[in-house]
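Q: Okay, handing you the structure first.
The values are calculated or read from the model by the stated rules, or taken from the named source; none is laboratory data. Every value quoted in this text rests on a predicted model; they were computed, and no experiment measured them. For neighbour counting, all protein chains shown are included, and Cβ atoms are generated from backbone atoms with ideal geometry for every residue, glycine included.
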Amino acid sequence: MDYNNYDRGYAEPSMNASDYMTRTYRWMASGLLITFAMAYITATTPLIYLVDSLYLVLTIAELALVFVLSSRVQNMSVDAARATFFGYALLNGMVLSYYFIAFSVGTLVMAFLATAVYFGLMAVYGTTTHKDLTGWGPRLMMGLVALIVTSLIGMLFGFGFGSSVLYCGIGLVLFMLLTAYDTQKLQQMYAYYAGDPELAEKASIYGALTLYLDFINIFLYVVRLLGNNRRRN
């Protein structure tokens, strides 16, 4: 969502910053609830066979929804942006259902609680710090690309135990830093869009998507770390 080149002028804010942040975290929490509920339902019903047969299609579809929401959110209606976000959360739950099969409930609950702590700490830091985190952006994007490339290499040649733990640890730290960066960026988005209620609402949905992705990725890396540790023992 390109808010850097959008001039909102000097319109009075239609919602205060607290309302804006509340909306953003409400959408994020709703998306997470849909994802985890759908993952559980898929893993415990015959839907898992549908996911088995359509896994690649579902993965491409959810990536397409993220691309559409990220690139077209300004031109979409609020209802369409909301539906796209929730549609992505639903598809992502189906794709992530394998984690509910591969890991025990105890491991998943522990990972979720740890993720909530990690995410919460970095979100608070991003909200309260007086340091401008804008300069983190290019480095974090480079780190994300390196992580994706490493993941592809791992899929082709496999990871040893030490390499797997190191990869998950780096991924965890990267998305914790992204949480702080994205949280601070929410304030910048509010400054640009506060004067227009429709754009502010769409910006909150887009912000919810970025935080949702941070939370999900932190969760996945924590799950993998816990799984590696238990297999090692």
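Q: Here is a list: 28, 76, 1. Which entry is within 21 Å of residue 123 (Cβ to Cβ) and either out of contact with any Leu (no Cβ under 8 Å at 6 or more places or on another chain) or modelled with pLDDT under 95 (or both)? So that I can check it myself, show each step before the final result.
A: Values: 28 fails: either out of contact with any Leu (no Cβ under 8 Å at 6 or more places or on another chain) or modelled with pLDDT under 95 (or both); 76 fails: within 21 Å of residue 123 (Cβ to Cβ).
The conditions single out 1.
Q: If you don't mind, another one. Starting from region 171-195, take each residue that is of a type in the set (Lys, Arg) and list its partners that are part of a helix (DSSP H, G or I), counting only C-beta distances under 8 angstrom and pairs at least six apart or across chains.
A: Correct list of pairs: 185/207; 185/210.
Q: Out of (1) under 18 Å from residue 35 (Cβ atoms); (2) in contact (Cβ under 8 Å) with a residue 60 or more places away in the chain; (3) surrounded by fewer than 16 Cβ atoms within 10 Å (Cβ to Cβ); (4) touching a helix residue (DSSP H, G or I) at 6+ places or on another chain (Cβ under 6 Å), what's the single condition that is false for residue 101?
A: (2)
Q: Looking at region 37-54 only, could you name the residues that are in a helix (DSSP H, G or I) and touching a Phe, Trp or Tyr at 6+ places or on another chain (Cβ under 9 Å)?
A: 39, 40, 42, 43, 48, 51
Q: Which ones in region 56-73 are surrounded by 14 or more Cβ atoms within 10 Å (Cβ to Cβ) and without any contact (Cβ under 8 Å) to a residue 60 or more places away in the chain?
A: 58, 59, 61, 62, 65, 68 - these are the residues of region 56-73 that are surrounded by 14 or more Cβ atoms within 10 Å (Cβ to Cβ) and without any contact (Cβ under 8 Å) to a residue 60 or more places away in the chain.
Matching residues to (1) in contact (Cβ under 8 Å) with a residue 24 or more places away in the chain; (2) within 22 Å of residue 227 (Cβ to Cβ); (3) of a type in the set (Phe, Trp, Tyr):
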position: 141; (1), (2), (3): no, no, no
position: 145; (1), (2), (3): no, no, no
position: 152; (1), (2), (3): no, yes, no
position: 159; (1), (2), (3): no, yes, yes
position: 166; (1), (2), (3): no, yes, no
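Q: Could you please find all residues in region 41-56 being within 16 Å of residue 88 (Cα to Cα) and modelled with pLDDT under 95?
A: Listed by number, the residues that qualify are 51, 54, 55, 56.
Q: May I pose another question? Determine which member of the set 107, 42, 24 is surrounded by 16 or more Cβ atoms within 10 Å (Cβ to Cβ), under 23 Å from residue 221 (Cα atoms) and in contact (Cβ under 8 Å) with a residue 60 or more places away in the chain. So that I can check it myself, show each step before the final result.
A: Values: 42 fails: in contact (Cβ under 8 Å) with a residue 60 or more places away in the chain; 24 fails: under 23 Å from residue 221 (Cα atoms).
After ruling out the rest, the residue left standing is 107.
Q: What is the residue count in region 64-108 for residues that are basic (Lys, Arg) and either under 14 Å from the mean Cα position of the chain (by Cα) or outside any helix (DSSP H, G or I) (or both)? Show your work before the answer.
A: Just the residues of region 64-108 that are basic (Lys, Arg), to begin with: 72, 82.
Imposing the further condition that a residue be either under 14 Å from the mean Cα position of the chain (by Cα) or outside any helix (DSSP H, G or I) (or both) reduces the set to none.
Qualifying residue count for the region: 0.
This table checks each residue for (1) of a type outside the set (A, V, I, L, M); (2) over 15 Å from residue 211 (Cα atoms).
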| site | (1), (2) |
| --- | --- |
| 130 | yes, yes |
| 148 | no, yes |
| 157 | yes, yes |
| 162 | yes, yes |
| 181 | yes, no |
| 185 | yes, no |
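Q: Then there's this: Take the residues in region 154-210 that are of a type in the set (S, T, N, Q) and in contact with a helix residue (DSSP H, G or I) (Cβ under 6 Å, 6 or more places away or on another chain); name whichever of them is farthest from residue 19 (Cα to Cα). If you could, list the steps in order and put the result at the bottom.
A: Here is the first cut: in region 154-210, the residues of a type in the set (S, T, N, Q) are 163-164, 179, 183-184, 187-188, 204, 210.
Narrowing the set further to residues that are in contact with a helix residue (DSSP H, G or I) (Cβ under 6 Å, 6 or more places away or on another chain) leaves 164, 179, 183-184, 204, 210.
On the way: 164: 41, 179: 20, 183: 15, 184: 16, 204: 10, 210: 18 Å.
Among those residues, the one meeting the criterion is 164.
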